[in-house]
1. Rounded to the nearest 0.05, what FRET efficiency do Lys529 and Gln476 give with R0 = 35 Å and r taken as the Cβ-Cβ distance? Could you check?
2. Tell me, in nm to one decimal, what length is gained between Tyr97 and Asn85 on full extension, where the rule is 0.36 nm per residue of separation less the Cα-Cα distance?
3. Return the carbon/sulfur percentage of the accessible area of segment 323-436, one whole number, probe 1.4 Å, all protein chains in place.
4. Describe numerically, in nm with one decimal, the distance between label points set 7 Å from Cα along Cα→Cβ at Thr50 and at Arg289.
5. With a 10 Å radius around each residue's Cβ, average the other Cβ atoms per peptide and rank 91-97, 267-273, highest first.
6. Tally Lys/Arg at +1 and Asp/Glu at -1 over every other residue whose Cβ is under 12 Å from the Cβ of Thr553; what's the total?
7. Extension gain Asn434-Phe276, at 0.36 nm per residue separation less the Cα-Cα distance, in nm?
8. Pop out the Kirkwood hydrodynamic radius of segment 223-371 from its pairwise C-alpha distances, inverse of mean 1/r, in Å to one decimal.
Amino acid sequence: MKTIYFLIIFIFTLQIHSTVHAYQHPLAILWKILNDQINEYLEREDVLATKEALVSAIMEIIGEESFGGIYVDIKANKLIANINNPALENSPLLNPYRDILLFNIVDRSLGELKVQFDQDVEDAKRRNVTNSYIYIDVETNNVILRPNLPPDLNTQPFGPRKHVPMRPRQVKPEVLAGDGILNRDNRKQNEVVGKTCSIGFYARGKKRHIRGHDPYYIITARSCYFNDPNLVNKLFLRSWGTFPKVKDLKSIGAIDPPNYTIPYDFITARWTSYSFEASPGIRNTDNPRYPNLYITDAKPAIIVGGHICHSGFGTHVTCGNIKALTAIYLNEDGSSSEGLIITDMNTRDGDIGGAIFFYKSTETHHVDLCGIQVTSVHAYQHPLAILWKILNDQINEYLEREDVLATKEALVSAIMEIIGEESFGGIYVDIKANKLIANINNPALENSPLLNPYRDILLFNIVDRSLGELKVQFDQDVEDAKRRNVTNSYIYIDVETNNVILRPNLPPDLNTQPFGPRKHVPMRPRQVKPEVLAGDGILNRDNRKQNEVVGKTCSIGFYARGKKRHIRGHDPYYIITARSCYFNDPNLVNKLFLRSWGTFPKVKDLKSIGAIDPPNYTIPYDFITARWTSYSFEASPGIRNTDNPRYPNLYITDAKPATIVGGHICHSGFGTRVTCGNIKALTAIYLNEDGSSSEGSDMNTHDDDIGGTVFFYKSTETHHVDLCGIQVTSGSNIAAVLPSNIILQNTNNLTLYTIY
């Protein structure tokens, strides 16, 4: 039996859409806390909201002309009151609230801000300002005029996703708030084009329907309406992550003509479906425990700094903070939308119209409705910030910390093997704590003077087995698993748990491939040909089906260059990707076509870029090479990173192996874009279904990420990265990475193509 050796890497990230998905609640992401801390923070928020109302009332009594508004800091558990007269701090009326009250000296009172707000609105209308917000920002003590810039990226998810099944008692499938709706352009009979929005909530008519029940109405944003007499404005269901064909479209509603005499951005649509059931719930399918949330009440937003969440087709369920309670939006047609609140939620165009709500508790599926979303905006969060639960501007500090820990880990490991190899159980890093954790089964090792230079960063964990014993068990378990014909499973040494793990590669709970198209950052002007980068999607098409786009979608891992000169005088390029992207069938041609992130191309749009060389099945390494054949595109020594508006391309300058358990590792692929995680094990094997074996890694990934690039960041202030290898499997909480050095050692005279 052939054996492949590579590393196992467990990557725990929120990527709001991934096949390997350890669910993280959107409030945990917002507040950078653990899931089990959320209820404590919700209770804290409720208390702060109550006290905010009381303190606001007191401030208006003791000095309304000096009071600049108030907002909450839930993380700090504080109320921050803006005042322009420091004497207000000493009022005895505020004594009951001293433990949670902070003061901020500002220039203007809330009354002055309101006067400026009205003046700025009139001035903006006079200057024909459009597509812009105007709002009172209490935190900055200012009135803000902010253009609604188009998002840098269109990141609607792509599907299909496997949703949690409908409850058995439902005869008809439910359609919930947050589900996608398509207002189709009916002039294009053979195409699915139009406006994709989301359902905000349902309302019932007070007048009885002819069939004896109350009529239902979909409430969504007015921008979902076609103000064109040639279009019928009929709504079709678009479930999360789907790209339906014309024959699959199901009509659920007909939009009533909007009332443009009122300054509020919403429309109503009469529910017309007898195939589906309108449900008073909110789609929350990413949460396996509560896939549906149910609206029990409605309440307004009352405190700046409080949490607020949304559900929509574009980004599913995300949360943010309330930034302003008084806002107006100036539309492109010269009208204005009023009665708005401003939040910093991460949303997309497909989310417009979707449900806005507040959580009561994570222990229930009951929520309070706030309203509907009427615009979208994207605040980029770096994948390492998501991984480490830190701010974007803290990442470089953590990368430097990781480099220092990696250097010291090598030194401490060498010392441990000198002073007690038979008692040393391995070592791993905790980057958040800035510590090395050494496993030992003899406490006396802690006292070695050789370790004195590392006491500030070194912790000890008493375990049962040494690393040598674990390696012996690993070999035994591999042989035993092969003898028992175990397949589709990983076996690896988990240093953190001091154990050898046999773990089935379970099918993912959710299939969440992203949906497109996305708006990519334009190619750099100096490029004559469009670039194709590592991480871009590739389709090995089933050529037997001439009129369909079917086959295997994978991702590009990296490019290699041949040492033998091409007939045209340049070095030939080769795409490196996973062997599972190959059709082992003589009837198929194994030609690769470009599939840009988020696209679902038609046959006529397919562009060939490579031809796969037949794999060498005599070597136990899961990769293939494909000769670059395109003259329309340029193979680039970069990595697709389009979600980052600052560095849409990353460039490979070198290759290095994974060396420390606990270190960061990242990937780029068609399925989940760029995500990051932690290295959890360096010794692993994967038992394939066909009886062969490979070695692997764990990451937040998707089937379509297979073959994609795996890399390390040097710094967030540069677009240069180090290549680790390619991803060769995906599954539930675990995936495999094959290092680039193993690949290049087993090819015929290929070298890594880097930027230098």
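The values are calculated or read from the model by the stated rules, or taken from the named source; none is laboratory data. Keep in mind that this is a model prediction, so the values were computed, not measured. Cβ: placed from backbone, ideal geometry, glycine included. Neighbour counts: every protein chain shown. Side chains are part of the model used for accessible areas, which takes the heavy atoms of the whole protein and leaves out ligands, DNA and RNA. Shrake-Rupley method; radii C 1.70, N 1.55, O 1.52, S 1.80 Å.
1. Here the calculated transfer efficiency is 0.05.
2. 2.5 nm
3. Heavy-atom surface of segment 323-436 belonging to carbon and sulfur, 1.4 Å probe: 50 percent.
4. 2.4
5. Sorting 91-97, 267-273 by mean packing, highest first, produces 267-273, 91-97.
6. Surrounding charge for Thr553 is -2.
7. 51.6 nm
8. Value: 17.2 Å, from the Cα pair sum.
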